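Trainee: Before anything else, here's the structure in question.
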Amino acid sequence: MIQFSSVDYTGVLVINEPALFLQRLAQGYGKSRAFGCGMMMIKPGDDA
């Protein structure tokens with residue numbers, strides 16, 4: 001049986017270590033990366 005779940009978050013992200021953030025952003029998060037999960041869509045805020 002295949003189970004699939006995902007979640008959407010909305011908020012403000014403060015980045016203290018830009019190099020580490022970019023590395024993790026490229027690698028993805030979690031164990032379901034191969035299924036298209038674990039990736040983050042990041043966009044500039046209204047005041048950027």
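Trainee: Can you tell me how many residues within the stretch 4-26 are among the polar types (S, T, N, Q) and at pLDDT below 75?
Mentor: Applying the first criterion (among the polar types (S, T, N, Q)) to the stretch 4-26 yields 5-6, 10, 16, 23.
Still in the running and at pLDDT below 75: 5-6.
The total comes to 2.
Conditions tested, residue by residue: (1) in contact with a helix residue (DSSP H, G or I) (Cβ under 9 Å, 6 or more places away or on another chain); (2) hydrophobic (A, V, I, L, M, F, W, C).
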{"position": "Met1", "(1), (2)": "no, yes"}
{"position": "Ser6", "(1), (2)": "no, no"}
{"position": "Tyr9", "(1), (2)": "no, no"}
{"position": "Glu17", "(1), (2)": "no, no"}
{"position": "Gln23", "(1), (2)": "no, no"}
{"position": "Arg33", "(1), (2)": "yes, no"}
{"position": "Asp46", "(1), (2)": "no, no"}
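Trainee: Mind checking which residues of the stretch 10-26 are charged (D, E, K, R) and not in a helix (DSSP H, G or I)? Step through it out loud before you land on a result.
Mentor: First, pick out the residues of the stretch 10-26 that are charged (D, E, K, R): 17, 24.
Correct list: Glu17 only.
Trainee: Would you check which residues across the stretch 10-29 are farther than 19 Å from Asp47 by Cα and surrounded by fewer than 10 Cβ atoms within 10 Å (Cβ to Cβ) and list them? Step through it out loud before you land on a result.
Mentor: Filtering the stretch 10-29 down to residues farther than 19 Å from Asp47 by Cα leaves 17, 19-29.
Residues satisfying the conditions are Glu17, Ala19, Ala26.
Trainee: For the stretch 30-44, give me each residue that is of a type in the set (D, E, K, R) and surrounded by 10 or more Cβ atoms within 10 Å (Cβ to Cβ). Please lay out each step first, then the result.
Mentor: Here is the first cut: in the stretch 30-44, the residues of a type in the set (D, E, K, R) are 31, 33, 43.
Arg33 - this is the single residue of the stretch 30-44 that is of a type in the set (D, E, K, R) and surrounded by 10 or more Cβ atoms within 10 Å (Cβ to Cβ).
Trainee: Another question, then. It is to be established whether one or more residues within the stretch 27-34 are in a helix (DSSP H, G or I) and either within 13 Å of the chain's Cα centre (by Cα) or modelled with pLDDT of 75 or more (or both). Lay out the reasoning, then the answer.
Mentor: Step one: filter the stretch 27-34 for residues in a helix (DSSP H, G or I), giving 27, 33-34.
Imposing the further condition that a residue be either within 13 Å of the chain's Cα centre (by Cα) or modelled with pLDDT of 75 or more (or both) reduces the set to 27, 33.
Yes, because at least one residue in the stretch 27-34 is in a helix (DSSP H, G or I) and either within 13 Å of the chain's Cα centre (by Cα) or modelled with pLDDT of 75 or more (or both).
Trainee: What pairs come out if I take residues in the stretch 5-24 that are more than 17 Å from Met39 (Cβ to Cβ) and pair them with residues that are assigned to a loop (DSSP other than H, G, I, E, B) and modelled with pLDDT under 90 whose C-beta lies under 8 Å away, six or more apart or interchain?
Mentor: Pairs that qualify, where the first residue is more than 17 Å from Met39 (Cβ to Cβ) and the partner is assigned to a loop (DSSP other than H, G, I, E, B) and modelled with pLDDT under 90, are Val12/Gly45.
The values are calculated or read from the model by the stated rules, or taken from the named source; none is laboratory data. Since this is a predicted model, take the numbers as computed values, not measurements. Methodologically, a virtual Cβ is constructed for each residue, glycine included, from the backbone with ideal geometry; neighbour enumeration extends over all protein chains shown.
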